[in-house]
Every structure is written in C-alpha cells, then in structure tokens.
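Before any comments, here is the structure.
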Amino acid sequence: MNQGPRVVISVMGRNQTGIMASVSKVLADKSVDIVDITQKIVDDLFLMMIVADLPAHGMCLDDLNNALRIPCNRLGLQVVAQHEKLFKYMHRV
C-alpha cells in the first residue's frame, strides 16, 4: 500500500457510545490507514490514541483535522491529529 506521512490522532472527552465508530468512519472515508490504536476509559473519561498513515495522494493534515472535528464536536470531544515526528519531538524525555 502506498502511504503518505504517519500521524498521531488523540481523542478525549466524556465516554459515550459511538466514539470509535465516528472517528474510524472519517478515517475510512479519507483512506487513512490505521496502524495502531489504543484506548482507555478512566472513570467517565475516554482517551484514545491512533497511529495512522495518510494516503499517498497527499492529503493535507488540516483537512483531516477539519473532517475529524465534525463528528467529535457533535459528541463533545477534543481531537488533534499531528505528524508523528512532531508528536515524538514534543513528548521526548
């Protein structure tokens, strides 16, 4: 599979039905390939991190963020997609 840049997508907010379905639908519609995914629920707080490859045809990260914000805003969630290299740089020890 031809792939573009790798991104890290963080989702957080109140736990509720439909979070995973809403986010993964956007990614599938945009031909984003999920490489790894983890989620955690602490009390009523939902946290999810997705590592994914953007399609090789050059999707803009801003376009992905805007597409993810639509369902996430409707569910009252915060979502951020950023390039993996930037994420690793920001979270280095």
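State which residue is surrounded by the fewest Cβ atoms within 10 Å (Cβ to Cβ) when the search covers only the stretch 32-50 and only residues that are in a loop (DSSP other than H, G, I, E, B) and either charged (D, E, K, R) or free of Cβ contacts under 8 Å to residues at least 12 places away in the same chain (or both). Full working, then the answer.
Going residue by residue through the stretch 32-50, those that are in a loop (DSSP other than H, G, I, E, B) are 32, 43-44.
Okay, now just the ones that are also either charged (D, E, K, R) or free of Cβ contacts under 8 Å to residues at least 12 places away in the same chain (or both), so 43-44.
On the way: Asp43: 6, Asp44: 9.
Per the criteria, the residue is Asp43.
Restricting the first residue to the stretch 63-83 and requiring it to be under 14 Å from Lys30 (Cα atoms) and among the acidic types (Asp, Glu), which pairs with a second residue that is modelled with pLDDT of 95 or more and open to solvent by 80 Å² or more (accessible area, probe 1.4 Å) meet a Cβ separation below 6 Å and a spacing of at least six or different chains?
none
Within the stretch 56-79, track down each residue that is modelled with pLDDT under 95 and loosely packed, with under 15 Cβ neighbours inside 10 Å.
Result: Ala56, His57, Gly58, Cys60, Asp62, Asp63.
Looking only at residues that are exposed (fewer than 11 other Cβ atoms within 10 Å of the Cβ) and free of Cβ contacts under 8 Å to residues at least 40 places away in the same chain in the stretch 2-31, which one is farthest from the chain's Cα centre (by Cα)? Even if it seems obvious, please write down each step before you answer.
At the first step, the residues of the stretch 2-31 found to be exposed (fewer than 11 other Cβ atoms within 10 Å of the Cβ) are 2, 17, 21, 29.
Narrowing further to those that are free of Cβ contacts under 8 Å to residues at least 40 places away in the same chain: 17, 21, 29.
Details: Thr17: 17, Ala21: 12, Asp29: 13 Å.
The qualifying residue farthest from the chain's Cα centre (by Cα) is Thr17.
Return the total of residues in the stretch 16-31 being more than 16 Å from Gln78 (Cβ to Cβ) and either charged (D, E, K, R) or assigned to a helix (DSSP H, G or I) (or both).
Final tally of qualifying residues: 7.
The values are calculated or read from the model by the stated rules, or taken from the named source; none is laboratory data. Predicted, not measured: the structure shown is a model, and the values here were computed from it. Every residue, glycine among them, receives a Cβ derived from its backbone with ideal geometry; neighbour counts consider all protein chains shown. Ligands, DNA and RNA are excluded from the accessible area calculation, which covers all protein heavy atoms including side chains. Shrake-Rupley method; radii C 1.70, N 1.55, O 1.52, S 1.80 Å.
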